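Take a look at the structure below.
The values are calculated or read from the model by the stated rules, or taken from the named source; none is laboratory data. Not measured: the values here are computed from a predicted model. For neighbour counting, all protein chains shown are included, and Cβ atoms are generated from backbone atoms with ideal geometry for every residue, glycine included.
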């Protein structure tokens, strides 16, 4: 079975190399399309198409038709060089998932282009698998929500699959536009307003060109506000205005823009408690929760474990081009003893580790690595000699600037117990950029498995 792949059309080698580096971690192959729109023969269409378009050289519409029309249902990312604002808006309205302005830092371009795939990997496609009453009821509610245009608030613990539910609602709806994902926890306070609403040229220092915000990009699609509780009160007020009046202005602009997109929000916090403690606006909560979906924790539906494990094994084995092993009752019994604080995401990560580390035809309890449960991990951490940890030693082959950055990231990850979102905010960078740095500097051991 062939692995998932990304089709690259006319992408500059510098950006293609960055995409390859990040794609390797996601288990992706890459195929270069010829200029006539052809590509190497594959059994399946690509997972993603990335096209570079130069406004001074290319006809954007014709170039998209050349590479995308035969693969109309494939998400498309455009690397836009010297494109006018009106052209960018038209591309988004035509269904392009993301338009990334270049020149830009290659690692940032790769993180934005492959971000949806990365998010899906971390969420786990098996999140909606299950036959327990709670999951049957949730699927019914999802289908009902998809038939309306109302705002939806998805609540549930980290790792339960809230992002996948938002995507499912969007795909089941009649919306023609794209699903625009906004991770409120990954954006710093200084840039999130520009990210949401866009800005005009000269609106602030560094605003050298007009930027189209995420609400404008979504147009007739869906805006997914992940980790909505992370928004500061002033931004909560602006979001409330958009939901009430369906209009907004770019930063530094006077033109009122109308918002036709549907809004779906998600949070792992208790918003009722946040309201009592004056950290979240009551009026915004009531606007967002026209339809409220609560995703059950994995420990509340352990009867779904066999189906979830099987779904995870089939997906990951297909990606690794491996045979799907048989699962024994002993393997499932051991999993059922765990509390699963990381929910389905934690389960899928465990399944992938087990599959990657061995090629057994059947899986038993003995195939689970020692200390995989949190209690055992805590015991191991207590016996660990912290002075010998590699993360405390700067990488000798790194330039001085990189060594200093690595040490800052190590200190921040330690201070936040490996919480990537909080660390990104403290460092003042996006979560996708921090993830890249974590891999680059070999710091994955500082991130909890769940």
(request) Tell me which residues, restricted to region 127-136, are surrounded by 13 or more Cβ atoms within 10 Å (Cβ to Cβ) and part of a helix (DSSP H, G or I). (result) 127, 128, 134, 135
(message) Could you check region 276-305 and list, in sequence order, the residues that are under 22 Å from residue 365 (Cα atoms) and over 26 Å from the mean Cα position of the chain (by Cα)?
(response) 303
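Pick out the one residue from 73, 66, 42, 25 that is surrounded by fewer than 22 Cβ atoms within 10 Å (Cβ to Cβ), in contact with a helix residue (DSSP H, G or I) (Cβ under 9 Å, 6 or more places away or on another chain), at pLDDT below 85 and not assigned by TED's automatic domain parsing to the domain that holds residue 250.
Values: 73 fails: in contact with a helix residue (DSSP H, G or I) (Cβ under 9 Å, 6 or more places away or on another chain); 66 fails: in contact with a helix residue (DSSP H, G or I) (Cβ under 9 Å, 6 or more places away or on another chain); 42 fails: in contact with a helix residue (DSSP H, G or I) (Cβ under 9 Å, 6 or more places away or on another chain).
After applying the criteria, what remains is 25.
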(message) Please go through (1) within 21 Å of the chain's Cα centre (by Cα); (2) touching a residue at least 40 places away in the same chain (Cβ under 8 Å); (3) over 30 Å from residue 234 (Cβ atoms) for residue 138 and return the number of the only condition it doesn't satisfy.
(response) (1)
(request) Return yes when residue 224 is assigned by TED's automatic domain parsing to the domain that holds residue 137 and touching a residue at least 60 places away in the same chain (Cβ under 8 Å) and no when it is not. (result) yes
(request) Say whether the condition of being surrounded by fewer than 17 Cβ atoms within 10 Å (Cβ to Cβ), under 23 Å from the mean Cα position of the chain (by Cα) and closer than 27 Å to residue 278 by Cβ is met by at least one residue in region 214-233. (result) yes
(message) Whether any residue in region 268-276 is in the same structural domain as residue 162 (by TED's automatic domain parsing) and farther than 28 Å from residue 160 by Cβ is what I want to check.
(response) no
(message) Go through (1) modelled with pLDDT of 90 or more; (2) touching a helix residue (DSSP H, G or I) at 6+ places or on another chain (Cβ under 6 Å) for residue 138 and report which single condition fails.
(response) (2)
(request) Look at region 137-158 and say how many of its residues are part of a helix (DSSP H, G or I) and touching a strand residue (DSSP E or B) at 6+ places or on another chain (Cβ under 6 Å). (result) 2
(message) So residue 339 passes all but one of these: (1) outside any helix (DSSP H, G or I); (2) outside the structural domain of residue 218 (by TED's automatic domain parsing); (3) surrounded by 15 or more Cβ atoms within 10 Å (Cβ to Cβ). Which condition number does it fail?
(response) (3)
(request) Go through region 297-336 and give me each residue that's touching a residue at least 24 places away in the same chain (Cβ under 8 Å), more than 18 Å from residue 132 (Cβ to Cβ) and outside any helix (DSSP H, G or I). (result) 321, 322, 323, 325, 326, 327, 328
(request) Tell me, please, whether a residue that is crowded, with 18+ Cβ neighbours inside 10 Å and part of a loop (DSSP other than H, G, I, E, B) can be found in region 206-213. (result) yes
